[in-house]
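Notes for the one structure printed next.
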Amino acid sequence: MRSRKLELQRFLETVSTVPASQKLEALQKLHTNGKFYTISDFNHLLMSLVAADEFELAFKLKSSLSSFGLVPDHWTYSIFVSFYCKKNEPFEAKIVLDHMLQNGFEPNVATVTALINSFCGTGRLQDAFEVFDIMSRIGCEPTINTYNCLLKGLCYVGRVEEAYDLMGGIKKSSLKPDIYTYTAIMDGFCKVGRSNEALELLDEALEMGLKPNVVTYNTLFNGYFKEGRPLCGFGLLKRMKEKNCKPDSISYSTMLHGLLKWGKIKAALGIYNEMVEIGYPVDERMMNTLLRGLCRRSRNEKELLKDVYNVFEEMRDGNYTIYPGAFDLVVEAFCNGKKTNRGFQILNDMVKIGYSPKTFTFNIVIRSLCCVGEVDKALAVLMLMHKDRRPSGIPFNILIDELNQQGRSLEACHVYGVALKRGVVPKRKPTYCLAEQGPQ
C-alpha cells in the first residue's frame, strides 16, 4: 500500500513539471506497469489531476478505467462529475450523474450542487432546476449553497423577481440565508438598475447579524456606477470602513471608473490619490481618462494644472502608455496655463516617441510661444509641423505678426515665402513688403 502511494505521488510530481508530451508518456508508463491495484488508487490520482487542471491527462485516465480491470464506485462518478463541471461541460457531467444513478449510486449534495452551479453559470436554468428536482427524488437535502447557486443563476439571466421570491421561500424553511444569498440578490437588483433595493437588502443582512464581505459592497459600487450615481459610492465607502471591511482594488477601481464615466473629475482625483497612497494599481485606460479630464477642467480651473502635471509625471514614471489624445490635451493645458516652455517640451517629446500632434496642438504652442516672445522656438515648431503635414494659414499669420513686432522683417519675409511655396497665402504680410508696396 505504501509503495503504491509513493509511486502515485512520484507520478504527480512528474506531471507537474514536465512538458505536455512527456506527461502522456508518464501516464502510459504508469498504465503499462499496472500500478493501479484498487479503485481507491485510481480515484486518488484522478482527483489530483482534476484539482491540478490536468484535464487531458484526467480524460485519458478516465478512458483507461476498464483496462485496469477496475469498476467505478460512488467516489469515481463524483470525480467525473467534478471533472466535467470544471471543464464547463455540464451536459457531459449530467450524463455521468445519470449513469451514477442507473448503477445504484446516490450522489452527495456537493456533487449535485457542483452540477447545478455549472448549469447556472452558463444560463441553463431549466437544466439546473431539473437537476435540483432529482435531489428531492433521491432524498438529497439541498444546502444553502445549493440555493445560492440557483439564485445567482436566476439573477444572471435577469429573473430577479423569481430569485427574490425563492429567497423568501428559503427564509420560511429550516435553512437560513447567508451573506452569499443576500449578495446574489443584491447583484441581481444592481444589474437591472435597482440599487436602492439592493441597499435595503444590505441593511436587512446587517440586522440579521450577517457580515457583508468586500464582494457584497463591490456589487453596490457597480450598481451606482451603472445608474449614473457614482457619488453615492463615497457614503458606501465610509460605511464599509466603519464595518471593518477593507475596500480592495476592485472597490476603488469601480468607483474611479464610475466617477470618470460620469464626469466627476475632482472626485475621481480624490479616489485616485487614495489608491496611490494605499498602493493599489490604476488601470492604464483610466489613467488616460483621468489625465484628459483634468486637462479639460483646467481650462476654467487653473489650480488643477498642478494635478495635470502630477498625474502626467506619475504616468511617465510608472511606464504607462500615454495615449496621443491625452498628450495633445496636456500640451494645450500647459500652454493655456502660461507654462509655455513646458508645453513646448512635451510637444517635442510627443514627436520623439512617434506621435503626430494635432494641427490645433501645433498652433496653440506656436501662439503661446509668440505671446511670450519665444519666436525662435515657435519657428522650430513650424519646422516640426512642416515635416508632418501642410499647415493652414494660422501659424504663418501668428509668426509673421510676432516677427514684425520684433522688427525681424527679413525673417517675416522668409516665413511668408515658405507659406506661398506650401500653397498658403497668409493674411498677414511682412512690414518690409508692406513698406515696399507703399500706400494703397
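The values are calculated or read from the model by the stated rules, or taken from the named source; none is laboratory data. As the structure is a prediction and not an experimental result, all values here were calculated from the model. Please note: Cβ atoms are built from the backbone with ideal geometry, for glycine as well, and neighbour counts cover all protein chains shown.
Every residue in region 395-421 that is basic (K, R) and either under 17 Å from A380 (Cβ atoms) or at pLDDT 80 or above (or both), please. Break it down into steps so the answer makes sense when it comes.
Initial filter on region 395-421 (basic (K, R)): 408, 421.
Of everything in region 395-421, just one residue is basic (K, R) and either under 17 Å from A380 (Cβ atoms) or at pLDDT 80 or above (or both), namely R408.
Taking the listed residues Y280, Y224, Y272, the one that is closer than 29 Å to Y182 by Cα and out of contact with any Gly (no Cβ under 8 Å at 6 or more places or on another chain) is Y280, with no other qualifying. Considering (1) within 11 Å of Y77 (Cβ to Cβ); (2) at pLDDT below 95, the lone condition that T111 does not fulfil carries the number (2).
Checked against (1) in contact (Cβ under 8 Å) with a residue 24 or more places away in the chain; (2) closer than 26 Å to L201 by Cα, L115 passes all but condition (2).
So, K29, is that one farther than 26 Å from T113 by Cα, of a type in the set (D, E, K, R), surrounded by fewer than 18 Cβ atoms within 10 Å (Cβ to Cβ) and at pLDDT below 75 or not? When the stated conditions are applied, K29 passes them.
Taking only region 193-248 into account, find how many residues are of a type in the set (A, V, I, L, M, F, W, C) and buried (at least 18 other Cβ atoms within 10 Å of the Cβ). So the count comes out to 13.
The listed residues are F55, F119, and the only one of them that is among the aromatic types (F, W, Y), at pLDDT below 95 and within 29 Å of the chain's Cα centre (by Cα) turns out to be F55. Total residues in region 274-295 satisfying the condition of being in a helix (DSSP H, G or I) and surrounded by fewer than 17 Cβ atoms within 10 Å (Cβ to Cβ): the figure is 6.
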